[in-house]
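Below is one structure, written out as structure tokens, with a few remarks after it.
The values are calculated or read from the model by the stated rules, or taken from the named source; none is laboratory data. Computed from a predicted structure; not experimentally measured. Counting neighbours? That spans all protein chains shown, and the Cβs are built from the backbone with ideal geometry, glycine included.
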Amino acid sequence: MNSSFWLTGSHPKQFSDAPDDRLHVRQFGNGPHVLIALHGFGRSGARMAGLGERLGGDFTVLAPDLPYHGESEWYSDRYDLAQFTAMLQQLLDRYPDRRVYLLGHSLGGRYVSACLPHLEHPQLQDILLVAPDGAGGRYTNWIDTLPSSLVRPLAKLSERPRTILRLSRWLTKRGIINTYSAEYLKYNLNDRPFRRRLAGTLRSVLGFPPAPEEFERALDQRNIRCTVFVGDSDPLLHHDRLTRMYEPLPSVDIHRYAGSHWLPERLLADYYRDSLVTALP
């Protein structure tokens, strides 16, 4: 069964007459176990449709469209960790008696790992990160190195295509972003929704900082493990940086596979089927 629904934040709005920011959530399958899957930048929850079809008999796959992505309606100029965590918690609260798994791809991996310490569920099973941003992503890795005072002007600049293209060329020459990322920006910046998506994400992403020690504590306290899937030919990752961040964590396993940055649907489906076998009493 494929369907969708909306999640609206429960916190008071700054202005009572402002429209509600809300996430559009896609549902694939209707199995007894729950998989909450977050997509990467520039995609939508529809990216999880193939995985949902493979797992539909065993899992209910819930794939939110991130703010400014897909069909989500986000009118504010940013979002923060507390807002996004509260919405994920709403999904968890819908299924208090089911096993729940968490998956994050690219930017979604950054977000789900940042939210984990604040999420509660009695049957949280594990977390899987595919090419997670923050640890080694070339899209926003360079954002983490900038003073926070510069990020807001940078987000404003992203709404001006010519300026951001000049900036991307400058960053490419200095090796801060790679050629692939610069060409990606050049191709997409003429699209107004893309510019708004980029600006809103830039304003928000520093609120989800990589925090490996806090992440390890959250895994240990919940008695769960994390597996990080890394494609061996992924041009968008700093592989050495990712390894340095995750390899020392006792609750994290790094799994390298033959592939690039795209979601390895067959590999993930096999992983979750094996997880169900392992979880049987």
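Here is how the numbers come out for the structure above:
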item	result
Matching option when the condition is aliphatic (A, V, I, L, M), outside the structural domain of S113 (by TED's automatic domain parsing) and within 20 Å of the chain's Cα centre (by Cα), among L263, L198, L219, L236	L198
Lone qualifier among T8, T60 - being in the same structural domain as D274 (by TED's automatic domain parsing), touching a strand residue (DSSP E or B) at 6+ places or on another chain (Cβ under 7 Å), free of Cβ contacts under 8 Å to residues at least 60 places away in the same chain and surrounded by fewer than 18 Cβ atoms within 10 Å (Cβ to Cβ)	T8
Test: R196 is in a helix (DSSP H, G or I), touching a Phe, Trp or Tyr at 6+ places or on another chain (Cβ under 7 Å) and of a type outside the set (G, A, S)	yes
Residue in the range 64-76 that is of a type in the set (F, W, Y), farther than 30 Å from D274 by Cα and surrounded by 17 or more Cβ atoms within 10 Å (Cβ to Cβ) present	yes
Scope the range 220-245; condition under 18 Å from G108 (Cα atoms), touching an Asp or Glu at 6+ places or on another chain (Cβ under 9 Å) and at pLDDT 95 or above; matching residues	R225, C226, T227, V228
Residue count, the range 85-140 (criterion: acidic (D, E) and in a loop (DSSP other than H, G, I, E, B))	3
Residue that is nearest to D126 (Cα to Cα) [pool: residues in the range 89-106 that are of a type in the set (S, T, N, Q) and at pLDDT 95 or above]	Q89
Matching residues, the range 254-268, being surrounded by 14 or more Cβ atoms within 10 Å (Cβ to Cβ) and assigned to a strand (DSSP E or B)	I254
Criterion (over 21 Å from V228 (Cβ atoms), surrounded by fewer than 20 Cβ atoms within 10 Å (Cβ to Cβ) and at pLDDT below 70) met by exactly one of L185, L171, L150, L167	L150
Positions within the range 208-250 being crowded, with 16+ Cβ neighbours inside 10 Å, in contact with a Leu (Cβ under 9 Å, 6 or more places away or on another chain) and in a loop (DSSP other than H, G, I, E, B), in sequence order	F208, I224, L249
